[in-house]
1. Please note which helices (runs of 4 or more DSSP H) are completely contained in region 207-282 and include at least 3 residues that are away from ligand 1 (no atom under 15 Å from the Cβ), modelled with pLDDT under 95 and surrounded by fewer than 18 Cβ atoms within 10 Å (Cβ to Cβ).
2. Show me the strands (runs of 3 or more DSSP E) entirely contained within region 32-148 in which 2 or more residues are within 16 Å of ligand 1 (Cβ to nearest atom) and at pLDDT 95 or above.
3. Sort out which residues of region 149-178 are basic (K, R) and either within 16 Å of ligand 1 (Cβ to nearest atom) or buried (at least 20 other Cβ atoms within 10 Å of the Cβ) (or both), and write them in order of number.
4. I'd like to know if region 89-104 contains one or more residues that are of a type in the set (K, R), over 21 Å from S192 (Cα atoms) and exposed (fewer than 15 other Cβ atoms within 10 Å of the Cβ).
5. Contact list please: Cβ distance under 8 Å, first residue in region 109-124 and farther than 18 Å from A159 by Cα, second residue away from ligand 1 (no atom under 16 Å from the Cβ), pairs at least six apart or on different chains.
Amino acid sequence: MAFGFFKNIIQKFTGRAVDWDELEETLIRSDLGVPMTMRILKLLQERPDKLTAERIVEVASEEIIKVLPRDVSMLRPFPSKPKVILVVGVNGTGKTTSTAKLAYLLKKKGHSVLLAAADTFRAGAIEQLEIWAQRIDCELIKGQYNADPAAICHDAYRAAEARNAEFLICDTAGRLHNKANLMQELAKVRRSLSRTDVTAPHEVFLVVDATTGGNALNQAREFKEVTGLTGLIATKLDGSGKGGCVISIQHELGIAPRFTGTGEKLEDFDFFDSRRFVEQML
Ligand SMILES: Nc1nc2c(ncn2[C@@H]2O[C@H](COP(=O)(O)OP(=O)(O)O)[C@@H](O)[C@H]2O)c(=O)[nH]1
Ligand SMILES: [Mg+2]
C-alpha cells in the first residue's frame, strides 16, 4: 500500500481540521481512482459526526473491503482437460516471473502444470522462462524467436492434453513494434486456443506493476477490450508501490484481483486475500 496508506492518512490528518481538497488529493494520489475517491468523500460528507483521521480510515477501509472480492478465488482444474491460463500485460510488469510463480504455487498444491513460452519477441524471454521451468521442474513448450505465438500456444495445448496436465500457463510478449500489433497478436493467440477448446482460454490474467499507479488502470482498460480479462495479478507490492490500482481496476472495470506478487522469489506470490490486503494498508 498498499503498504502504509492509512498510516499516511493518520499522520497527515491527526489533530487538525480536515481539509477536503487535501483529502481528495491524497485519495486520488493513492490510485484509488476518481469514482472510488468520490464515493468515500461523499460518505464522509454525509455523516454529521466530527471528521477525524480515524473516521476517514474507518470509512475508507469499509468501502474498500466492500469493493474487493469477498472470497479468495482459488484455481480449480477441470476433471478431464487442461485449464488454460493466458498471462498478458505490458513489458516489464512481471508476466514471466508471475507465470513461473503461479506454476510453482499450483505445483505445490499438487497440480500438474505445463508452460508455454509464447513471448517470442523479446530477446532472452524464452531462456528466462526456461530457467524458471527447470527450477520448478515443469515442462516447457517453446519455439524459435519470432515464431508465431499462436502456433506455440496451440502446440502447447496439444502437449498439455497428451500429458494430462491440469493447467497450461502461457506467458506472452509485452511489446511488439507497436501496440496495435501486440493486441492483434494476442487476439490471434486467443483464437488459436479456442480452436483447440472452444472455451479456452479459461483465464486471462493481466499482470500490472502496482508501482506504476494510474497507468495500470489504463492498461487494464485496453487489455480488457482486446483480450478480455478474468483477473488481475498485481506485482511489486513489496516496492514503494501504492497498490491502489487494485481497487480502481476492480471498482471501475470489474476485474478482480486474483494474485499478488511481493518480491522476485518464487515464494513471493499468493492468492489475493482482501482482508490481508486491507490490513497491509494500515
Ligand atoms: N520486487 C519485485 N520484483 C518483481 C516482482 N515481479 C517481477 N519482478 C521483477 O520485475 C522484472 C520484470 O519481470 P518479468 O517477469 O521479466 O516481466 P515481463 O516483461 O512482464 O515478463 C524482473 O526483474 C522481476 O524480477 C515482484 O512482485 N516484486
Ligand atoms: Mg516476459
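1. Helices (runs of 4 or more DSSP H) meeting the threshold: 214-227, 274-280.
2. Values: elements: 83-88, 113-118, 139-141.
Once the strands (runs of 3 or more DSSP E) in region 32-148 are filtered for at least 2 residues that are within 16 Å of ligand 1 (Cβ to nearest atom) and at pLDDT 95 or above, what remains is 83-88, 113-118.
3. Selection gives R175 alone.
4. No, every residue in region 89-104 fails to be of a type in the set (K, R), over 21 Å from S192 (Cα atoms) and exposed (fewer than 15 other Cβ atoms within 10 Å of the Cβ).
5. T120/G143; T120/Q144; T120/N146; T120/A147; T120/D148; F121/N146
The values are calculated or read from the model by the stated rules, or taken from the named source; none is laboratory data. Note that this is a predicted model, so its numbers are computed, not measured. Positions of Cβ are backbone-derived with ideal geometry, glycine not excepted, and every protein chain shown enters the neighbour counts.
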